[in-house]
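See structure below.
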Amino acid sequence: MRFSEEFRDPALAEKLFTEIARTAEALARTRTRPITVMEVCGGHTHTIFRYGLKDRLPDTIEFAHGPGCPVCVLPMGRIDDAITLARRPEVMLTTFGDALRVPGAQGSLLQARAAGADIRMVYSPLDALELARKNPDREVVFFALGFETTAPSTALTVLRAAREGIKNFSLLCQHILIVPTLRALLEQPDFAVDGFIGPGHVAMVTGTRPYDFVATTYNRPFVVAGFEPLDILQSLLMVLRQLESGQAKVENQYARVVPPNGNPAALAAMRQVYETRADNAWRGLGNIASSGLQLRAAWSAFDAERRFPLTPHNVPDPASARCGAVLTGRIRPAECPAFGRECTPDAPLGALMVSSEGACAACYDYEGARQVA
Amino acid sequence: MCLGIPARITGIADAAAMLADVDVHGVRRQVDVLCVAPTDAPLEDLIGSWVLVHVGFAMSRISETEARATLALLAEMGELHEELSAMQSTGETGALHAVQ
């Protein structure tokens, strides 16, 4: 048993593998195609590849690696916007490290930095605010990205800046929401996913109720999961058992961190600061209505899009990379013609190859040699 | 960004500003604790407890067992070092560290 010793409780891992195999076999008798389970969160994608879970599961189970890695769905047009802002002489652009390597139509933020733009990696939006305090003669713009897990942090930072009367801090807001995105995926007529492993830390903020529609309207099991390999195996088994019994409901495998109602203070901060954008472009998925967040008018003094002239534009995804098909579970990363050839972690063509939470980078890092050979 | 990192609250830096001092695997920094603040007790009650920190904000109180298991997971995934370096080199123009 090749990987068992890596699990914190090898005996439990063995039990879960056995039970998953038994349930999958029972299910396979009633179906003609594999059971496809989508893990929504990039953290889960990383765990699945890191621990080689796929290799230990029956061939009748497929993982589809969903859209829950924020840098992976960053559209090229938004990277270009960030670069346009960063090139202004008065601007110091700040963002998370992963965002620096994502290619836009005019290159990456890292390349813009090499060409002289003042671009800083920050660990936290609080650190961007601190740069604004320390550099009153500079305009500090925070390129804010992430799902519901990090959106409250940015909202609380805006509220803090307002309380302190800080005038030289603003956001290029690229926060996005997972719920409308799941709905858009489920509305696609050929969306062949049978159940979901739900995002643990997004649900820590949102609670589990916003996902009820996945079960009630679309009849798919949805199990909110933790990030240990054992959590993922247990959640997968919970999905399979629902399928076996013909049920679809929302279950919470990660109750030790996820309360049913989420985090009320975080949700209140989000409501106070943000409203949804009518249209929001995703890399690989196109426009999804109301899936992005922008600052409410009351906070426009902190909105870089209102403070600096920007011409919003859409840039088509690179034609040779099939990021959209990977994100929707239609193909596996290695089935993309660019995978491991024009598109590698060192020279990513698509954003799924940038972050260790991106399906393609995780696949390349842990299975690369085998896949491209 | 998705995984967060467990930290132990060592003190309250500024109760009015909701800022606490934490120890993250030996690295000290301030985090915002508004999302985990007790509603019916002073903020000092948080001292000694473990929290899950996402991008400088404590988002959930967790048990010490959960904290230690998550730190071990992050180390195995190669993300512990990255997260700690990102914390330590934040705001600099020099070396690039990926942030999860």
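The values are calculated or read from the model by the stated rules, or taken from the named source; none is laboratory data. Owing to the predicted nature of the structure, the values given are computational and were not obtained by experimental measurement. Methodologically, a virtual Cβ is constructed for each residue, glycine included, from the backbone with ideal geometry; neighbour enumeration extends over all protein chains shown. In case anyone asks, the SASA skips ligands and DNA or RNA and just uses the protein heavy atoms, side chains included. Shrake-Rupley method; radii C 1.70, N 1.55, O 1.52, S 1.80 Å.
Any idea what diffusion coefficient chain A gets from Stokes-Einstein, in µm²/s, Kirkwood Rh on alpha carbon pairs, 4 °C, 1.567 mPa s?
In µm²/s, the coefficient is 61.
Tell me what chain A gives for mean residue ellipticity at 222 nm when only DSSP H runs of n ≥ 4 count, each as -39,500 (n - 2.57), the sum divided by the residue total, rounded to 500 deg cm²/dmol.
The helix-only estimate for chain A comes to -11000 deg cm²/dmol at 222 nm.
May I ask you to give the solvent-accessible area per residue for segment A:50-94, in square angstrom, as obtained with a 1.4 angstrom probe?
That works out to 25 Å² per residue.
List the residues of segment A:346-361 that lose 20 Å² or more of accessible area once all protein chains are present, compared with their chain alone (1.4 Å probe, heavy atoms only, no ligands or nucleic acids).
Residues passing the criterion (a loss of at least 20 Å², heavy atoms only) are A:Ser356, A:Glu357.
Hey, what's segment A:323-372 come to in accessible area per residue, 1.4 Å probe, Å²?
So segment A:323-372 comes to 38 Å² accessible per residue, rounded to a whole number.
Can you give the net charge of the other residues whose Cβ lies under 10 Å from the Cβ of B:Leu74, counting K and R as +1 and D and E as -1?
Overall, the nearby charge balance is -4.
At a probe radius of 1.4 Å, what is the per-residue accessible area of A:Ser356, in Å² to the nearest 10?
Solvent-accessible area, nearest 10 Å²: 30 Å².
Given a 1.4 Å probe and no ligands, DNA or RNA in the count, how much accessible surface is buried by A and B, both sides, to the nearest 100 Å²?
Chains A and B together bury approximately 3800 Å².
Of the heavy-atom accessible surface of chain A (probe 1.4 angstrom), what whole percent is carbon and sulfur?
The nonpolar share, carbon plus sulfur, comes to 51 percent.
Restricting to bridges with both residues inside chain A, how much of the DSSP beta-bridge set is antiparallel, in percent to the nearest 5?
About 20 percent, rounded to the nearest 5.
Could you give the angle, 0 to 90 degrees to the nearest 10, between helix A:359-372's Cα long axis and the longest principal axis of the Cα atoms of chain A?
60
Cα centroids of segment A:1-72 and segment A:256-311: how far apart, whole angstrom?
First find each Cα centre; the distance between them is then 32 Å.
Put simply, what bits of segment A:37-59 lose 30 Å² or more of accessible area when the other protein chains are there, versus the chain on its own (1.4 Å probe)?
For segment A:37-59, once contacts with the other chains are taken into account, A:His46, A:Arg50, A:Tyr51 lose 30 Å² or more.
Of all the accessible heavy-atom surface of segment B:5-88, with the other protein chains kept in place and a 1.4 Å probe, what percent is carbon and sulfur?
Roughly 49 percent of what the probe reaches on segment B:5-88 is carbon or sulfur.
Based on DSSP, what percent of beta bridges with both residues in segment B:5-88 are antiparallel, to the nearest 5?
Here the share of antiparallel DSSP bridges comes out near 95 percent.
Can you divide the C-alpha Rg of chain B by 2.2 N^0.38 Å and report the result to two decimal places?
The reported ratio for this selection is 1.06.
According to the square roots a ≥ b ≥ c of the eigenvalues of the Cα gyration tensor, what is the shape class of segment A:82-155, taking rounded for a/c under 1.5, prolate for a/b larger than b/c otherwise, and oblate for the remainder?
Oblate, because a/c is 1.5 or more while a/b does not exceed b/c.
With the solvent-accessible surface defined on protein heavy atoms using a 1.4 Å probe, which residues belonging to segment B:1-21 display a reduction of at least 50 Å² in accessible area in the multichain context relative to the isolated chain?
B:Met1, B:Cys2, B:Leu3
Given a 1.4 angstrom probe, what's the average accessible area per residue across segment B:5-88, in square angstrom?
The answer is 40 Å² per residue.
Across bins of 5 angstrom width beginning at 0, how are the C-alpha pair distances of segment A:323-372 distributed, in whole percent?
For segment A:323-372, the pair-distance distribution reads 5, 28, 37, 26, 5, 0.
Pull the list of chain A cysteines that no other Cys approaches to under 4.7 Å, Cβ to Cβ.
A:Cys41, A:Cys173, A:Cys323, A:Cys336, A:Cys343, A:Cys360, A:Cys363
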